Every structure is written in C-alpha cells, then in structure tokens.
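So the structure is just underneath, and the comments pick up after that.
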Amino acid sequence: MKLSYSIPAFLFTMAAIAVAMPSCDSNEHNDPYTPSRVDAAFDDALKEQFPDAQNVKWERNSEYRVAEFNKNGVGYDVWFDKTTAWAMTEMDYGKDIFLVPDNAVTAAFPKGEYGTWTIDDITHYKQKASEFYVFEVEKAGSADMDVFYTTDGTMIKAIPSDTAPDILPTTSIL
C-alpha cells in the first residue's frame, strides 16, 4: 500500500495539532508564581522599594519570587517571599569597581591579599540580617576565588569559587 500526501498539507496538519494541544506543564496555568504571571501584589511590593524600576522580569528561585531589572549600569535582583515580604536585594556591578558605592570596600579591595587579581564580578547583597559584597576574582595558575567583604571594607573570608554557596536570603556568610 502506497501513501500519497503533499508536504505542505502534512506541515499544515502537524502545525494545527501542535497549536491545538494543551501544554504538558499543567502547573504553568495553575501556579500564580510562574515567570509569565506574577500577582500584582509582587509588583506593588517592588514599586514600594524601587518605584523607578523598569523592564522588570520575574522569575522563581527556590520559594522566592525575584524581580530582575537594570538601573544605571547595575543589575538588580530583588527577592520576595511568598507573602510578598522583601527578603534580599542583590546588586551586580559586573567588573566595574567604580560602580560600587561603598568607598571603604573600594579602598580595601586593592590593598588586600587579592587586590592584584583580576575582578570577574562584584555583587552586593542586602539581606534582612546582613549586608556584604562578594568579589569573584581570578589569576592565572590559581583557583578562582570568591572574596567576601563587609560594607566597612573588612574582608570576611575567601573561598574557591567552585565551592562557594548560592546566596539566598537565608544564606549566612559567617
């Protein structure tokens, strides 16, 4: 038995089937915390802290909702818990130490043990109970390091980047 069909008709049929099929991820439609849908209360909570935030993208990380946006060359991730309470703000300055607002930190880093290493990234974390910076640095022939500083410029610790924890609102760096 020989089947005969035209390629355009076949492609049209396949496209119609794909459009008609419901999404396999039923959670996407029932979960108000998906990236494509965010409860207005999260937007309101963000606007309270950052009224000028624009081009905000939302994502979920663990049990948190995270608003991502850029402002004046700095990447912001603002974390909220399920009740829309603020949990943490993460500011990514990239490699530009001149964007860092805390003069004590910018003065301490070059004088420290890793001051001659190449800066790969600088992130400032504000949590409910603490505030600190992480300098990701690299040097040829050495393991990449994450160097932690307080806002007054005190180095807290340095650990290899490949063993550094993901920083969540509940992460203690001490």
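The values are calculated or read from the model by the stated rules, or taken from the named source; none is laboratory data. Keep in mind that what you see is a predicted model, and the values were worked out from it rather than measured. Using ideal geometry, Cβ is built from the backbone for each residue, glycine included, and neighbour counts are taken over all protein chains shown. When the accessible area is computed, the model is the full protein with side chains, heavy atoms only, and any ligands, DNA or RNA have been set aside. Shrake-Rupley method; radii C 1.70, N 1.55, O 1.52, S 1.80 Å.
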Relative contact order (percent, whole number), the range 26-161, Cα cutoff 8 Å, 6+ residue spacing:
14 percent
Please check which bits of the range 116-136 a label hung off ASN70 would reach, taking the label as a point 7 Å along Cα-to-C-beta and the cut-off as backbone N under 19 Å.
120-124
Cross-link partners among aspartates and glutamates for LYS139, C-alpha distance below 19 Å, same-chain residues fewer than 8 apart left out?
ASP96, GLU113, ASP120, ASP121, ASP162
Could you please put LEU168, LEU174 in sequence from largest to smallest accessible area, using a 1.4 Å probe?
LEU174, LEU168
Computed label-point distance, nm, for sites LYS57 and THR116 using a 7 Å Cα→Cβ extension
3.9 nm
Projected label distance in nm at LYS139 and LYS126, using a 7 Å step from Cα toward the beta-carbon:
3.3 nm
Over 27 Å (Cα to Cα) among LYS47/LYS157; LYS47/LYS128; LYS71/LYS95; LYS57/LYS111 -> LYS47/LYS157; LYS57/LYS111
